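The block underneath contains the structure these notes are about, expressed in structure tokens.
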Amino acid sequence: MWVSLETIVAWAKRRWFAYPGSDIYGGLANARDLGPYGTELKKNIEDNRRKYFVQEREDIIWIDSQILMNPKVREASGHVGGFSDPLIDCKKCKSRERADKLIEEYLHKNKTKETELPKHRAGEKTPAEDMMDFINAKKIKCPKCWTCDWTDPKKFNLMFKTQQGVIEGEWTDIYLRPETAQGIFVNFKNILDTMRVRIPFGIAQVGKAFRNEITPGNFMFRVREFYQMEIEYFVENDEKVWLKAFKEWMETSKKRWIDEIGIKKDKLKFREHDKEELSFYSKGTFDVEYEFPRGWGELQWIAYRTDYDLKQHIEHSGKDLQYSDPHTGKRYVPHVIEPSWGLTRAILTAMIDAYDEEKYTDGNGAEQTRVVARFHKNIAPVKFAIIPLVKKDEKMVRIAKEIHKRLSKTYMCEFDDSGNIGKSYRRQDEIGTPYCITVDHQSIDPKDWTVTLRMRDDMKQIRIKPEDIKF
Ligand code: GAP
């Protein structure tokens, strides 16, 4: 079903997936804290990715690098000089806008394909002045006050800057990382020296990234603090080799969204970056896009980054980051394919994709509507809810606690003794628990000992011995 973002935001708060950050102080713009179920959802998505890409593969290893890095890393990576958005201010109402976004919206509304147009972060090839020429020529108006009277564009670096050091005046400017990727490149030599890796191989990591976005919004879609899951996959410098690796990553990527996270196939598509959009270091990039309530948006990108990053770090650090092929003796700087997932966006996507409202007829013949989160069971925050039918019945409670104790050694479970089975089922449906186990009168009958196993998706119920329950 189509669901509005407002519905998702309200559900996320009501059911403890995500709250506004710093809530009791009036919040912090676009900051979100994950609640217990959001945290569990994030952990499950991350674990699934790690299992598939690291544990079950021989060619990818996992690291965890620092958020704060030597500022020279950011100079080498190009983030100090180039990671910026062109900003313009409306002279009348003082509203600050991103020039590239105004142009994008104009093109979208007017269904124009003006291929000569510059695009966001396209580097030196498309200076901000070009954008201003276009904005003035087309008389693109301020979305707040509808005048067209703009200041000259200023470049606004998206990195958060802070200081390191304890003595005032001796602080060093340092950045919060805007992507996790560079932590991988600067560890390339450590990995070569200490691990028995052979090209092709990949290095993965999951962690926080920070961008001082000018137009954050759409709930968790564009925020200033978010999680990324990135892999840098190192290959030989040979067109056939990297093209093959690139294709494999494209196939794997889409399949993983569908098979493991359970995202609906028709809601995903690939979009190739055109010449203007392509990052200056990339020779080919595809986005995996999802159809969010407010339109298609990027979930993941897969970029062929060439040998740009390693070469930059060789130049700036003076260290030899070449790879020696043990069979041929050939030494070279490897090329890189980068599949980069947004984990925060993955949480949002999983929530939107799972949300459903379903009509059903209750036991009294009345029509009801239930909210049901149809999460893939791999990522559902809670796998089993164990419910004693009568909360004052000691035997039922004892058996329910025993089942909970046993299952919770392996799965995230909830013990729910609210005493209202209908409400318990609704609550579990809303957080997406695939199975409810109800301990009832038959369960305490020594001739029976079965419990009710209720399925979230079709509400079917079967009787089963507790020891036969499998996930
Ligand atoms: N290392 C490459 C890189 O960072 P990117 O396309 O800028 O590429 C990768 O980011 C992914 O990170 C995106 O596909 C998106 O899912 C996520 N992402 C980027 N900026 C974000 C933001 N402000 N809020 C939430 N997620 C973001």
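The values are calculated or read from the model by the stated rules, or taken from the named source; none is laboratory data. None of the values given here were measured: they were computed from a predicted structure. A quick note on method: Cβ atoms are made from the backbone with ideal geometry, for glycine too, and the neighbour counts reach across all protein chains shown. With ligands, DNA and RNA removed, areas are computed over all heavy atoms of the protein, side chains included. Shrake-Rupley method; radii C 1.70, N 1.55, O 1.52, S 1.80 Å.
What is the sum of charges around P153, taking Lys and Arg as +1, Asp and Glu as -1, for the other residues whose C-beta is under 12 Å from the C-beta of P153? Mind showing how you got there, number by number?
Working: positive: R96, R98, K154, K155; negative: D85, D89, E97, D100, E129, D130, D133, D152.
Within the 12 Å Cβ shell, the charges total -4.
Could you pull out every residue, at least 5 positions away or on a different chain, whose amide H is within less than 5 Å of the one on T147? Hs are placed 1.01 Å off N in the peptide plane, and Pro or chain starts have none.
The list, which skips near neighbours in sequence, is C142.
Leaving ligands, DNA and RNA out of it, rank W171, W242 by accessible area with a 1.4 Å probe, largest first.
W171, W242
Which log10 I(q)/I(0) values does the chain give at q = 0.12 Å⁻¹ under the Debye formula, counting every alpha carbon as one identical point scatterer?
For the chain, the Cα-only Debye profile gives -1.14.
Whole number in Å², please: accessible area per residue of the range 159-249, 1.4 Å probe, ligands, DNA and RNA not counted. Don't jump to the answer; show the numbers that get you there.
Numbers: 4400 Å² over 91 residues.
Normalised by residue count, the accessible surface of the range 159-249 is 48 Å².
How much accessible area per residue does the range 382-468 have, in Å², with a 1.4 Å probe?
On the way: 4510 Å² over 87 residues.
Ligands and nucleic acids excluded, the figure is 52 Å² per residue.
Which whole-number percent is the relative contact order of the chain (Cα, under 8 Å, 6+ apart)?
Numbers: 854 pairs, mean separation 63.1, N = 471.
Computed over the chain, the figure is 13 percent.
On the accessible surface of the range 6-107, probed at 1.4 Å, how many percent belong to carbon and sulfur atoms? Write down the numbers at each step before the final one.
Values: 2650 of 5190 Å².
Carbon and sulfur: 51 percent of the exposed surface of the range 6-107.
Report ³J(HN,Hα) in whole Hz for each residue of the range 264-275, in order, from the Karplus equation J = 6.51 cos²θ - 1.76 cosθ + 1.60 where θ = phi - 60°; Gly and Pro get x.
5, 4, 6, 9, 10, 8, 9, 9, 8, 5, 7, 3
Classify the range 382-468: rounded, prolate or oblate, from the alpha-carbon gyration tensor (a ≥ b ≥ c, eigenvalue square roots; a/c under 1.5 rounded; otherwise prolate if a/b is larger than b/c)?
Values: a/c = 1.38, a/b = 1.33, b/c = 1.04.
In terms of gyration-tensor shape, rounded.
Along the charge dipole of the chain, which of I302, Q228, V451 sits closest to the positive end, that is, farthest toward it, with unit charges on the beta carbon of Lys, Arg, Asp and Glu (+1, +1, -1, -1)?
Among I302, Q228, V451, the one farthest towards the positive end of the dipole of the chain is V451.
Say the dipole of the chain comes from +1 at the beta carbon of Lys and Arg and -1 at that of Asp and Glu; which of I437, A181, N44 then lies farthest toward its positive end?
The one lying farthest along the dipole's positive direction is I437.
Using the Cα centre of the chain as origin and beta-carbon charges of +1 (Lys, Arg) and -1 (Asp, Glu), tell me which of H273, I88, I8 is placed farthest towards the positive end of the dipole.
I8
Once you measure Cβ to Cβ distances between cysteines in the chain, which Cys have no partner under 4.7 Å?
Within the chain, the cysteines lacking a partner Cβ under 4.7 Å are C148, C413, C436.
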